[in-house]
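The values are calculated or read from the model by the stated rules, or taken from the named source; none is laboratory data. Treat the numbers as computed from the prediction; the structure is a model and nothing was measured. Note that each Cβ is placed from the backbone with ideal geometry, even for glycine, and that neighbours are counted across all protein chains shown.
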Amino acid sequence: MTPLPFLSWFDQPERKNARAKTPTQPRRLITFIESPIDEKDGENEPPHLYRHSEATPIELFFDLFFVANLSTFTATHEINNVEALWAYIGFLGIIWFTWLQVTLFDIRFARDSIFERICKALQLAAMVGFASAGSRFTTRVRAENVWAFQSLSLILAGSRFLLAIQYTINTVFLWRRMVSAAKGVSAIAATHFVSSLMYLWMFYAFRQHSGLSPYIWTVWFVLFGIEMWVVMGTSCVTPGLGLQDTHLNVRMGLLTLIIIGEGVIAVTRIVNKTVGPGGWTKWSFVHILGVTTSVYFLWQAYFDLSPRRALGKYSQQIWAQLHFPFHVVLILLLEGHQILALSLDITLKLRYLAETILWACEEPRPRPDHAISVLRTTIADMEIDYSRGGMNAQVAIARILDDLPNHPLCPSNRTGQVPVTRDMLSDLVGNVTAALFSSMRLMPSNQTDTGHLSSDQLLRRYMELLEFVYVYYFVVASLAMFFFCAFVFLARRHTRRIYASVSVTARGILGILLASLMSWSRRFPLVYSFMTSPAILYAFTFILLAVLLVDRSLDWYQNRREPSHRWRQQGSVA
């Protein structure tokens with residue numbers, strides 16, 4: 001009798017005996033150092049570097065340190081003005097170009113050995129060092145934060161010096177069997193050694209910061225560019241060092257995936273801040289859905305353009321170099337989406353507060369004590385976390401609510417107390433606004449002490465913050481579409497040029513459409529009505545959906561047309 005399929009799994013003595021007889025493979029001993037040359041292809045094959053098809057666990061571990069750095073910096077720096085935006089880009093550039101140089105070495109020369117594990121531990125320590133200095137990083141070198149720039153210079157110098165040592169050691173292995181590759185690696189090692197000396201010189205230059213420009217740290221980016229172009233250029237022209245046969249595309253894709261994963265974490269933060277206090281509502285569901293679908297379509301739009309084949313010599317380098325500005329745009333886009341979602345939640349709460357104030361003066365009017373009690377309940381239901389910089393606002397709100405019973409809540413013009421009550425309610429709304437924004441970690445720029453600002457000044461500061469977020473959000477959204485245009489051509493998403501042209505044109509037009517929305521910033525009422533509507537969360541989502549539909553339509557049309565075209569060719573030949 002044949003056993004039933006779901007029971008046969010439990011009664012297989014032959015398979016169990018086979019597993020028992022299979023000898024366990026002994027774990028390979030890790031050598032102290034290992035040659036980067038692949039020795040398994042035999043003597044008939046020309047010598048070449050050992051290639052990994054996928055990212056190794058230690059490489060993925062290094063990527064996690066990169067994103068942990070980014071998360072820490074994001075938690076301590078709000079993007080609330082242009083200077084904060086450039087500081088964000090500056091610190092991201094420091095850790096990204098360090099990640100790139102380590103990656104360019106790993107994908108070609110890293111073999112599992114004791115020496116490489118020690119080097120990787122030191123590179124991970126460098127990432128931790130970046131995090132320690134990131135909290136004081138700004139766009140200007142000042143006396144109170146000069147130590148952060150000195151620390152970053154020392155860490156950069158140590159990181160590049162370590163890479164110079166690693167490249168030099170690999171030169172010894174390559175010198176006999178791959179002479180031309182050894183010369184190229186020697187040039188790369190010399191470049192990293194010189195750049196490490198430049199970073200070390202900048203450490204001493206920061207000690208003399210009083211006589212130098214506060215923006216001297218931008219010299220780092222000149223060095224970053226020289227390092228990247230020398231390493232990639234040398235790899236391009238030197239036989240045996242090319243990047244085409246490496247898993248560089250895999251590393252870039254995984255880092256992009258991890259960065260998008262940060263957007264998923266941001267979604268959970270939004271849920272915690274908006275849904276956590278009072279539970280799910282109709283509008284909170286709409287807001288969370290808008291952010292979630294945007295992150296999902298962003299992931300799909302990028303990985304739909306991932307290279308399915310080996311890129312050319314120059315296309316590979318352009319693809320890799322474009323990922324720095326693309327990652328900057330991606331991170332800022334996800335941060336902007338988070339700020340917009342939180343701003344919408346704040347707007348709904350303030351609208352409910354305004355409706356409560358208007359209800360107190362509508363006919364039939366409620367008793368003043370009952371109206372003030374409802375007003376207290378409305379503010380309490382917001383569950384504001386005053387510990388996040390809203391202590392002054394909490395004191396002001398309590399003082400106003402305690403003083404309201406001493407004045408007519410809805411006085412007539414004859415009492416002469418209209419301005420007094422109106423100012424009190426205006427101050428109440430202003431302080432609730434400040435408390436809500438501070439509880440969401442959304443602080444206005446150039447803030448000294450909100451306690452000395454009037455209600456109108458507070459509202460003006462927060463409106464300036466929203467206007468800035470609106471402009472930079474659509475700037476980076478349009479830039480993302482233009483990067484997708486470049487990726488379509490580089491990755492050869494469509495086999496025929498006509499389809500690729502249609503795909504690029506569609507992305508370009510939609511990118512221009514997103515950029516045109518910035519012109520609304522000149523009309524604040526229009527911007528305010530748009531930013532207080534859930535439509536702003538779905539604007540980029542629908543743009544991405546349209547792009548995906550265009551690509552799918554082109555694929556469907558191409559697959560339908562090519563069989564009929566081949567059938568006609570076969571008929572003409574017959």
Task: Number of the condition not met by VAL291 [criteria: (1) surrounded by fewer than 20 Cβ atoms within 10 Å (Cβ to Cβ); (2) over 19 Å from PHE489 (Cα atoms)] - done: (1)
TODO: Tell me, yes or no, whether region 278-291 has at least one residue that is in the same structural domain as ASP551 (by TED's automatic domain parsing) and under 19 Å from MET481 (Cα atoms).
DONE: yes
Task: Sole exception among (1) surrounded by fewer than 15 Cβ atoms within 10 Å (Cβ to Cβ); (2) modelled with pLDDT of 90 or more; (3) not assigned by TED's automatic domain parsing to the domain that holds PHE115 for GLY261, by number - done: (2)
Task: Filter pass, TRP201 being of a type outside the set (Lys, Arg), out of contact with any helix residue (DSSP H, G or I) (no Cβ under 6 Å at 6 or more places or on another chain) and part of a helix (DSSP H, G or I) - done: yes
Open item on the list: Please go through (1) part of a helix (DSSP H, G or I); (2) in contact (Cβ under 8 Å) with a residue 12 or more places away in the chain for LEU243 and return the number of the only condition it doesn't satisfy.
Closed with: (1)
Task: Unique match (being outside any loop (DSSP other than H, G, I, E, B), within 29 Å of PRO444 (Cα to Cα), of a type in the set (Gly, Ala, Ser) and modelled with pLDDT under 85) among ALA380, ALA398, ALA393 - done: ALA393
Task: Single residue of SER53, SER35 found to be at pLDDT 60 or above, of a type in the set (Ser, Thr, Tyr), loosely packed, with under 10 Cβ neighbours inside 10 Å and part of a loop (DSSP other than H, G, I, E, B) - done: SER53
TODO: Return yes when ALA18 is modelled with pLDDT of 80 or more and outside any loop (DSSP other than H, G, I, E, B) and no when it is not.
DONE: no
Task: Index of the failed condition, LEU404 passing every other in (1) surrounded by 14 or more Cβ atoms within 10 Å (Cβ to Cβ); (2) over 27 Å from LYS282 (Cβ atoms); (3) out of contact with any helix residue (DSSP H, G or I) (no Cβ under 6 Å at 6 or more places or on another chain) - done: (3)
- [ ] Would you tally the residues in region 59-97 being aliphatic (A, V, I, L, M) and under 15 Å from MET252 (Cα atoms)?
- [x] 4
Open item on the list: Looking only at residues that are among the hydroxyl-bearing types (Ser, Thr, Tyr) and crowded, with 17+ Cβ neighbours inside 10 Å in region 264-288, which one is modelled with the highest pLDDT?
Closed with: SER284
Open item on the list: Which of the helices (runs of 4 or more DSSP H) found entirely inside region 454-568 contain at least 1 residues meeting this: at pLDDT below 85, hydroxyl-bearing (Ser, Thr, Tyr) and surrounded by fewer than 14 Cβ atoms within 10 Å (Cβ to Cβ)?
Closed with: 524-531
